Structures are given as C-alpha cells and as structure tokens.
Amino acid sequence: MKMTRRSFLKLSAATGATAAAMGSCLYINPDPALAESTSPEEVKYTHCVQCNHGPRCGMKCIVKDGKVVRIEKRENYPNVNICAKGVSAVQEMYDPQRLLHPMKRTNPKGEPGQWEQITWEEALATIAEKLNGIKEKYGAEKVLFSTGDPKEPRSAVQRLAFTFGSPNMGTESSTCYKATELSQKLIYGPEWFTAKSFATGTNPVAGKTRCCIIWGNNPAWSGPAGWNGLLNNKAGGGKFIVVDPRKTPTAECIADVHLQIRPGTDGALALCFGNAIIESGNYDKEFVEKWCHGFEEYKEYVKAFTLEKTAEICQIPMDKLQAAVKLLTEGTGPVVHKSAAAFPHHTNGVNNYRAISLLLPLTGGVDVPGGVSIADEPLCFDEWQMTFDFARSSDLLPKLDHLRVDRPYFPVWADTDQQGSVQLNRLPEYVETGAIRAAVMFGQNSMMWPQTKQYQEAFKKMEFCVAADFYNNKWTHDYVDMILPAAMSFERSCPITVFGRRIFLREPIVKPQGEARPDYRIACDIGVALGFKDEFWGGGEESEINCIRESLRTLNSPTPITYEELKAAGKDGITIPMKGEKQTKKYELGLLRPDGQPGFTTPTGKVEFVSETLKKYGFDGLPVWNEPVQSPVATPDVAADYPLILNTGSRVPMFTHSKQRHVPWLRALMPDPIVRIYPSDAEARGIAQGDWVYVSTQLGEIKARADVTRMVKPGCMDMFHGWSQANVNELVSRDFDPISGFPPYKEGLCQIRKAEA
Ligand SMILES: Nc1nc2c(c(=O)[nH]1)N[C@H]1C(S)=C(S)[C@@H](COP(=O)(O)OP(=O)(O)OC[C@H]3O[C@@H](n4cnc5c(=O)[nH]c(N)nc54)[C@H](O)[C@@H]3O)O[C@H]1N2
Ligand SMILES: Nc1nc2c(c(=O)[nH]1)N[C@H]1C(S)=C(S)[C@@H](COP(=O)(O)OP(=O)(O)OC[C@H]3O[C@@H](n4cnc5c(=O)[nH]c(N)nc54)[C@H](O)[C@@H]3O)O[C@H]1N2
Ligand SMILES: [Mo]
C-alpha cells in the first residue's frame, strides 16, 4: 500500500499508533517521495529510546534512500515491545522543528530567545574560553555538568566533568530512582552495584514468593517491558497486592487486593504489615537473628501500627486491609515489592520506602529464589552502560569528592553516592551562593523541577550555560547562552547496549541530520577544546568508536572483547560468560564485601533495620513514619481552601515526561493537558467531563481539561507533568525530603475550579 501525504495524515490522525500494526506494507515516513521511490529497501537494527533509554526495546528499521521509512519488531532480542511511542519515533526524527545547528543567543537571557547560527568551531572555542576562565578564577568545581532523564549521555558527561576537575555532575536521578537506591544502601550497604540489584530487580516466582506488592507503580503504562512477566506470574498462581490511590490498569488486571491508600501514608501501612507479619510468627527468625541489626527496636516501634490505627491513617477499608494482611502472613516464602520513582516523591519518602523494603529481609527474601537476587559477578558497566573506568568515577571522582556542592545540604545522599550524581534540587541555592557559576547540560529540562521559575533564574544568573538537546525548548533554552544540536538514537552508537551479560553494539542506521552530533562526540569535542586531547582521543568523527573501545578495554570480562568483535556479532550481540557459578545467599559466602568477609557493607555489616548511617547524621535510625508536610491532617487550615490532594506525574502511555508533545500521532491520543478528578468532587464544583478548569495551590495556578473519572480516589487529583502550556511543577513545593533531597511531587493540597472555555 502506498500512501500520499494527505492519506497518511488522515490515517495517522484517525488510527494513531495502531497503523504500524497493520503490517510491513505501510510507509510511515512522512515524506511522500519515499513511497514513490524505487530504490531498494534495506533492513537495519537498533533500539528505541523514546522512554529515555531505560527499556531499549528492539527495533528493525526499514531504510530507503538513507531515511527510515518504517519500524518493525526486532526478533531474537531481549526486549521486543514496540509501542505507539516507538513507532512514532520516525515522526520525531524527521520533525521539522528539530535543532540542527549550534546557536548562540543574541539577546539577554530570560527573554524569548533570539538565536544566531554559529559553527561548531566557534561554539567549542567559546565553551572552552568560558569554562577554563571560570576554572582559573574560581576552581573547576564551580562548573556544573548535568544530564536530564535522557540517560545515554551520562557516562560521557561524567568523564568530561571529572577530567575537567569538577565532581559536580548531576542527573535527573535527583528526582528519579536514586532515592530508592539510597534507601537500599541504608539497609544493605553502599556498595552500589549490589544495592542496585535490590533497588530494581524484583522477579516474583510463583510458588516461591509469598506475595508481590506492587507499590505505587503502574507498569501496565510505565513499564510494559516488565509487565508481561508479572501477568505470567499471576497466571502461574502468584499473589499480588496493589497499593495505589488510583484504580490503575495494573490494579484492575493483577490485584488480589487493591488498597486505595491516602497519598503519602505508605510508611504507616508498611510498618503495619511488618507488625502483622511479626505477630503472626511467620517471618524468617533465623535470618533476622543472624544477619539483621536493630530488629528488636523495629519490632517495638511497629507495634503502634495496629490495623485500626493504620486503616484510619491510610483511609483504607478494614476488610481490605485484613485481606492484604492475610496474604502477607499466610503461606511461605518472601514478600517482595515492585515500585519505581513514585515512592520517594514525598517529604518522608526515604523512610516510607525503607519501611516497605524491610518486609523483604523480614521474610528472608535476600538473594534467594522467589526473593530478590543480587547480581552474580556484576560486570563493571555503570547504570547507563559504559564502564566505571570509562566514566572515570573509579579513579578521578574519589579525589574530587571533597568539592561536592551538595554535602552541606544532603550529607546522607552525598556520602552514599560513589558514582557521581550530586543532588541537583538545591541548584538555585548553589548558584545564589556562588558555589556554581556555569553549566554544561545534556538533555536537561527546567520543567522537571518544582518551582521551575527558580531553576530558570539559576540558569539565567550563571556566567555561562550551554545545553545540548534535540530541540530548542523555551522553558529551558530561553535561559541559556548557547544550544548544541544532539543526534538522535537512529543516528548514533554510544553507549553499549547491555542486557544482563548480553551486550550489543548499536550502529547508526542513518546519518545525523543537519550538523547534529552524537552526545558522546559532543562531550569528546568539548573535552578536547578544554585541553584534554589525549583523554578524549582527539575528538572528531571517531569519538563514539573510541569511547566504546575504552569501555571494552576496561571491562572485567573473562575473555577480552574488541570493538571489531562486537561489530561482527551484529544484531545477535555477544554473551559474556561468568567465571564461576551462579550463587545464592552471597552474604554468607563473603561475596558482597570488598574485604571478603561474610555480611553486608553497612556500618554494622548487617541488614540495618535501624540505620547507623542515618543516626550519624542526626536522623532517627528507624524507618519512622511522618505525616506529609502538607496534608488534610497536617495542615487543616490550608485544606480549608485547598481540599484536594495533589498527585502529579503518574505516567501516561503516550508521552515520556516533556517529550513527544509535537509528535502528531501521539498528540492525537491526548491533545490537551488533563487533570483527573472524581465524579462527586467534579459535581460539587460544577465541572463536567472535558471542561477547562484551573488547578491551583498556594504557589500558583495552571489551566487544564477535566477528566471526570472513578480512576482517582475521591479527594485526590492526578495530573501528568511536562506540559509546556500547563506545567504542574509550578504548583509543587520545594519541601524536600531531608534525607534524599527529593521533591514532594505526590503530596500537597490543591483546589480545582471551572474556567471559561
Ligand atoms: N509512558 C511512560 N513511561 C515511563 C515514563 C514516562 O514518562 N512515560 N517515565 C519513566 C520514568 S523516568 C520513571 S521514574 C518511571 C516512574 O514510574 P512510577 O513512579 O512508578 O510511575 P507510575 O507507573 O505512573 O506509577 C506511579 C503510581 O503511584 C501512584 N501514587 C501516587 N502517589 C502515591 C502514594 O502516595 N502512594 C502510593 N502507594 N501510590 C501513589 C499513582 O497513582 C501511580 O499510579 O516511569 C518510567 N516509565
Ligand atoms: N511533578 C512531577 N515532576 C517530575 C516527576 C513527577 O513524577 N512529577 N518525575 C521526575 C522524574 S522521575 C524524572 S526522570 C524527570 C524527567 O524529566 P526530564 O529530565 O525533563 O525528561 P524529558 O522531558 O524526557 O527530557 C529532557 C530533555 O532532554 C531532551 N533529550 C531527549 N533525549 C536526549 C538525548 O539523547 N540527548 C540530548 N542531548 N537531549 C535529549 C529532550 O528534548 C528534553 O528537552 O522528571 C521529574 N519531574
Ligand atoms: Mo524518572
């Protein structure tokens, strides 16, 4: 089937992403000339980064005349889910609004940007002059390096920062999964790759796992790659509790019991579960006695969280709470949980998450089948898939650690992060005090932060600020001095693609458009311009290949792997064998500690129910529960005017954060920013389905369209972030969790009223 431009647009508007499912005959590239062209079609393989590099779903791309014309599912690949976002990646790549050349600002920062196209040579020379000037005058640590949710550039930007001499490299993880990782580190010890597997790896095994609690997570929409496994587990007899204030597709599909909790009260519920499990006697006494620290103190503390008190705090019906407790106290095996970033988005976030995580050691789930496994012989890839040695977090960062800008504000965070991820959320304060004077940002977006305006002011106030991005976006780039065009996934190869022990090379399948360059090349070119020619292999077109060579050179593989071998392996990739056998209970074998002794890497060498690290910094060592800083209970005076609970950032299937709003197929699926509100709450305010409404907090007001739905809990709202015309982060406060520094995206109080059309 060949399509004219008109019929393509009609089809894409009408059917959205389902068009791709219609099969391989369809041209989805918007250029009609490609459909007419008689050139041969080529098949090329890559992966999707529409969700910012987490899932890396495999893609088989059909390329013609040097352009991708359509995308299909990739066979024999660890992850094969192509969704609406993936199929629409073609529309994003050929979007006429893409940034294609380096640009410098010609008017003052803070005003709508006026831009002049410059050459890469001029851009790099200016960056070098500004950054080296600041380094000479004030010190290299005054320059901040950062990446937003796009995680692929991270290792290259770390290498750049640490080579330049600044430990101040921050990432979106200041708001994302790093607080769950931090919580695990407080429990199991700071050895990060060990902790990481606890933070992320939950694979319930039917028959072995007692129960899996999906806690504040909606993988049916936000993590389709893992969702199938959970459904299969359910089909095999697995038991699931879902704790979520919303009736999500996840809860509807999989929950044996769904607890529609009052937002921010999860810590109380988890402590109640802990108490019930202890009282039932059905916990792993041997593990607790031998390997845990502070259990007796915990046991005393949780006694206060009776079913009656907890039902009241969490606003959960007693029969549902009892049904959940039954699942947790009967049967055998560990209790595991699955959650992502939503949790720590609270003022008591880390402690809420610790309370939940402790149910695992309580039920003996540490590094056993049906519990959580710790990686065997972890490869020394960092989270975003180059090696620690490549990123130079292994050799250079420790020497720079004392110059970290975040330690005075968030010492627990600073002390448990060995990878180079400073807590960015106090950026306005860092700039105000002169601790940061310039920034080099890759895929950074001011809208991710609460009270966005303060971050924009920080960019504006800096002596120099440069950003690499796919687009010129006003929320961020109206406040920077220079923007650099980044190549998209189809146009680049770094980093290495790693799934467990299987690694792949992703080769560019088309040439970068305009003058766009891959992020790794941009980092290398900047490194060379700053005077580090050898460290960045002279920069230039070979940069990405040189970066991959360096990562492979520093990989602890039993057999060395070269770039040529990885390239020759093509779409099948290479599996790196293990030296030894798979092991369980690695803490018994001395496999977790650098000194080879049995136990964990916490101060006590045990799993800490009471955290000695927290005590050292003046916090309570127990996973204490505190009411949210602002809630109907904590601040009834505020609730009188703002009675609804603010709940922001639940993921929607068709967008990733601020991205993809200009992708026609995806935008057709959700044309306007929506705020979800319960029918009785809407009716009380005279609001009908589809009405325009104002959503306000004490901090500001935005306009959105009402979706009147029983999906939300009465008294709560729900709104996605990243809409440039309705940035919900203008409404969120900067009441950070004092342990992690995380913002309270999922608590606070708001009001909704009908707006004019
Ligand atoms: N489509 C899509 N997928 C994404 C992303 C995206 O932007 N779009 N972003 C990716 C990223 S970076 C991340 S960090 C993850 C985020 O993953 P998560 O943070 O797990 O986000 P969701 O899957 O939306 O699940 C959050 C759920 O928590 C519930 N919730 C809100 N407040 C509370 C509370 O106080 N207690 C409890 N128990 N539940 C609460 C919400 O109702 C929602 O259903 O998703 C990733 N996946
Ligand atoms: N209210 C509220 N706010 C939230 C959250 C919430 O739940 N509620 N969630 C938080 C979480 S968990 C996260 S992860 C953040 C994410 O928030 P952001 O970091 O803002 O994520 P994005 O909007 O996906 O991407 C940021 C920018 O990167 C650009 N970009 C994309 N890919 C690349 C690339 O490969 N290279 C380069 N150079 N640029 C690229 C995009 O064009 C965009 O301008 O938001 C946080 N903010
Ligand atoms: Mo995230």
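Structure above, values below:
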| quantity | calculated |
| --- | --- |
| Meets criteria (modelled with pLDDT of 95 or more, crowded, with 21+ Cβ neighbours inside 10 Å and in the same structural domain as PRO334 (by TED's automatic domain parsing)) for PRO249 | no |
| Residue within the range 104-112 that is at pLDDT 90 or above, open to solvent by 60 Å² or more (accessible area, probe 1.4 Å) and not in a loop (DSSP other than H, G, I, E, B) present | yes |
| Some residue of the range 141-159 being in contact with a strand residue (DSSP E or B) (Cβ under 8 Å, 6 or more places away or on another chain) and of a type in the set (Asp, Glu) | no |
| Complete set of residues in the range 655-667 that are touching a residue at least 40 places away in the same chain (Cβ under 8 Å) and not small (Gly, Ala, Ser) | PHE655, THR656, HIS657, LYS659, GLN660, ARG661, HIS662, VAL663, PRO664, TRP665, LEU666 |
| Checking TYR298 against (1) open to solvent by 30 Å² or more (accessible area, probe 1.4 Å); (2) touching a Gly at 6+ places or on another chain (Cβ under 9 Å), the condition it does not meet | (1) |
| Residue match in the range 293-303 (condition: in contact (Cβ under 8 Å) with a residue 60 or more places away in the chain, over 20 Å from VAL624 (Cβ atoms) and touching a Lys or Arg at 6+ places or on another chain (Cβ under 8 Å)) | no |
| Failed item, numbered, when ILE645 is tested on (1) without any contact (Cβ under 8 Å) to a residue 12 or more places away in the chain; (2) touching a strand residue (DSSP E or B) at 6+ places or on another chain (Cβ under 8 Å) | (1) |
| Candidates VAL712, VAL675, VAL652, VAL693 - the one that is away from ligand 2 (no atom under 16 Å from the Cβ), out of contact with any Ser or Thr (no Cβ under 8 Å at 6 or more places or on another chain), open to solvent by less than 40 Å² (accessible area, probe 1.4 Å) and touching a residue at least 12 places away in the same chain (Cβ under 8 Å) | VAL693 |
| Criterion: under 17 Å from PHE470 (Cβ atoms) and open to solvent by 30 Å² or more (accessible area, probe 1.4 Å) - qualifying residue of GLN97, GLN50, GLN91 | GLN97 |
| Complete set of residues in the range 609-641 that are buried (at least 21 other Cβ atoms within 10 Å of the Cβ) and farther than 28 Å from GLU172 by Cβ | PHE609, LEU622 |
| Qualifying residue in the range 280-289 (condition: part of a loop (DSSP other than H, G, I, E, B), touching a Lys or Arg at 6+ places or on another chain (Cβ under 8 Å) and within 22 Å of GLY365 (Cβ to Cβ)) | no |
| Lone unmet requirement of (1) more than 16 Å from ligand 1 (Cβ to nearest atom); (2) modelled with pLDDT of 95 or more; (3) not assigned by TED's automatic domain parsing to the domain that holds ALA270 for GLU612 | (3) |
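For (1) assigned by TED's automatic domain parsing to the domain that holds TYR563; (2) crowded, with 24+ Cβ neighbours inside 10 Å; (3) more than 16 Å from ligand 3 (Cβ to nearest atom); (4) not charged (D, E, K, R), each residue gets a yes or a no:
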| residue | (1), (2), (3), (4) |
| --- | --- |
| LYS460 | yes, no, yes, no |
| PHE490 | yes, yes, yes, yes |
| CYS494 | yes, yes, yes, yes |
| ILE503 | yes, no, yes, yes |
| GLU515 | yes, no, yes, no |
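The values are calculated or read from the model by the stated rules, or taken from the named source; none is laboratory data. Keep in mind it's a predicted model, so treat the numbers as computed, not measured. In this analysis, Cβ positions are derived from the backbone assuming ideal geometry, glycine residues included, and neighbour counts consider all displayed protein chains. The protein model used for the area step is the full one, side chains on, heavy atoms only, and it has no ligands, DNA or RNA in it. Shrake-Rupley method; radii C 1.70, N 1.55, O 1.52, S 1.80 Å.
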